[in-house]
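Take a look at the structure set out below.
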Amino acid sequence: KDDLIVLGIETSCDDTAAAVVRGSGEILSQVVSSQADLLVQYGGVAPKMAEEAHSQAIDPVVQEALDKANLTERDLSAVAVTIGPGLSLCLRVGVQKARNIASRFNLPVVGVHHMEAHALVARLIERELQFPFLALLISGGHNLLVLAHNLGQYTQLGTTIDDAIGEAFDKTAKWLSLDLRRSGGPAVEKLALEGDSQAVKFSTPMKQHKDCNFSYAGLKTQVRLAIESRNIDATIPISSASSQDRNSRADIAASFQRVAVLHLEERCQRAIEWALKIEPSIKHLVVSGGVASNKYVRARLDQVVRKNSLQLVCPPPSLCTDNGVMVAWTGIEHFCVGRYDPPPSVIEPEDFV
Ligand code: KG4
Ligand code: ZN
C-alpha cells in the first residue's frame, strides 16, 4: 500500500484542485486554484462561469501537481476524482481530465464522493483514527452527521433540511459587505473577533426538534432582518464604513457566529449520545469541511467532545476546505480494498461517470 502513488482531482464547486499522495499518507504535492475573483464579481458561484474557470485551470493545475511531486503520469498507480455531489457542469471537467489521463497511461480510476473525502482525510492526518468514528461535515453545500462504521459503511444521523452553515456564513458576509476575496466564512470569523456575540438576540434553530438535523435558512433571515433594522448601509464596503457602523456589523457577525455554532454544538451532543448507543467503541469526532477551518467552531466543538471523553480530529484548514489531497487519499483507501474502475479504453466526450 505504501508504494501507491495516486493523483486526486477535485472540481465539484468553485476550486480546481489536484494533489499527489502516497499510500503511506505522504503528501507529495497540493495545488488549489480558486475562483475567488469570480465570486466577488458575481456574489456567488455561477455554474457556467465556474465550468469555464475549471476548464481553463484543470490542465495547469494537474501539471503543477505532478511537477511539484517531481513525477509524470507514468509514475502514477491510479487517478482519483470527485464524482459528486456538486455542480454537474463542474464535476465533468474533473472527470473528463481523470479519464483522459487514465486511458492514455492505462491507469485505474477511483470515483470519490466529495463528503466521504472530507471525512476520510482525517485518517490521513490522524493515524490513530480507526473505524468506527463519528463525523460532522460542515461545508458550503452540506451539513452532515455521519456514523462511519467502516470504509463505505455509513449511517447518516443528521443532515441539513435547508441551507448549510457555510451558505449562512457566505450570505452574512455578503450582506455585511465584507471583503469576499477569500470565501465569506473567514471574513465573518475575522470581523466577529471585534464584536459582542451577545449583542443581537438570534434564536437557535430547531430547538424543539429533538433530532440531529440542521437548519440555517431561518438564521439567515434573522441576520438579514437585523441588518435592515439597524439601518446598516450595506452598499458601503466594510472598509469604508463609519466606526459605529463597523461596530454594528461586528456585533451581528459575532452574534450570528455564536448561534450558528451553538446549533452545531447541540446537534453534536445529541449525535454523540446516539452514536455511542449504536457503536459504544467510538473514540473520535471528526470535524471537517470548509467551515471546520473556523477557530471558534473548533474550540467550541472541542469542549463538547471533551465533555463526552472523546477526542476531536480536525484536519488543518488547507485540508478542511476543498482540496485534492482528500480525494487522492479517499482514492487510496478504496483502491486498497479493490474498489476502482479499470482504465477507460476509449475517450468519449460525453462518456462520464
Ligand atoms: O468544503 P468547502 O471548501 O466547499 C464545499 O464543499 O462547499 O466549504 C466551503 C465553505 C464556504 O461556505 C466558506 O465560507 C466556508 O466553507 N468557510 C468558513 C471558513 N472557511 C471556509 N466558514 C466559516 N469560517 C471559516 N474560517
Ligand atoms: Zn467541500
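No value in this document is a laboratory result; all are computed from the given coordinates. Since the structure is predicted, the reported quantities are computational estimates derived from the model, not experimental observations. FYI the Cβ positions are ideal-geometry reconstructions off the backbone, even for glycines, and counts take in every protein chain you see.
For the Cα trace of region 211-309, dividing Rg by the Kirkwood Rh returns an Rg/Rh value of 1.10.
Listed values for region 272-278 are Karplus-derived 3J(HN,Hα) couplings in whole Hz (6.51 cos²θ - 1.76 cosθ + 1.60, θ = phi - 60°), namely 4, 4, 4, 4, 5, 6, 7, and x replaces Gly and Pro. Ranking L193, L178, G141 by how far each Cα lies toward the positive end of the dipole of region 130-319 (charges on Cβ) leaves L193 at the top. The lysines within cross-link reach of K210, meaning a Cα-to-Cα straight distance under 29 Å and a gap of 8 or more places when in the same chain, are K171, K201, K220, K277, K283, K295, K307. Rounded to the nearest angstrom and listed largest first, the equivalent-ellipsoid semi-axes of region 261-350 from its Cα gyration tensor are 33, 18, 11.
Phi-derived couplings, Karplus 6.51 cos²θ - 1.76 cosθ + 1.60 at θ = phi - 60°, listed residue by residue for region 112-125: 10, 7, 3, 6, 4, 5, 4, 6, 6, 4, 4, 6, 6, 8 Hz, with x used for Gly and Pro. Sorted ascending by nearby beta carbons within 10 Å, beginning with the fewest, F131, F256 become F131, F256. Taken along its principal axes, the alpha carbon cloud of region 130-319 reaches lengths of 54, 35, 26 Å, longest axis first. Overall, region 130-319 carries a charge dipole of about 260 debye about its Cα centre when +1 sits on the Cβ of Lys and Arg and -1 on the Cβ of Asp and Glu, all other atoms neutral. Think of the chain as having a plus end and a minus end, set by charges on the Cβ of Lys, Arg, Asp and Glu; of A234, V62, A271, A271 sits farthest toward the positive end of this dipole.
Charging the Cβ of each Asp and Glu at -1 and of each Lys and Arg at +1, and nothing else, the dipole of the chain about its Cα centre rounds to 1060 debye. Averaging the Cα positions of each part gives two centres, and for region 265-282 and region 162-185 these lie 29 Å apart.
Per the Debye formula on identical point scatterers at the alpha carbon atoms of the chain, with no solvent, log10 I(q)/I(0) at q = 0.13 Å⁻¹ is -1.00.
Taking amide hydrogens as placed 1.01 Å from N in the peptide plane, the amide H of L28 sits under 5 Å from those of V20, V21, R22, each at least 5 positions away in sequence or on another chain.
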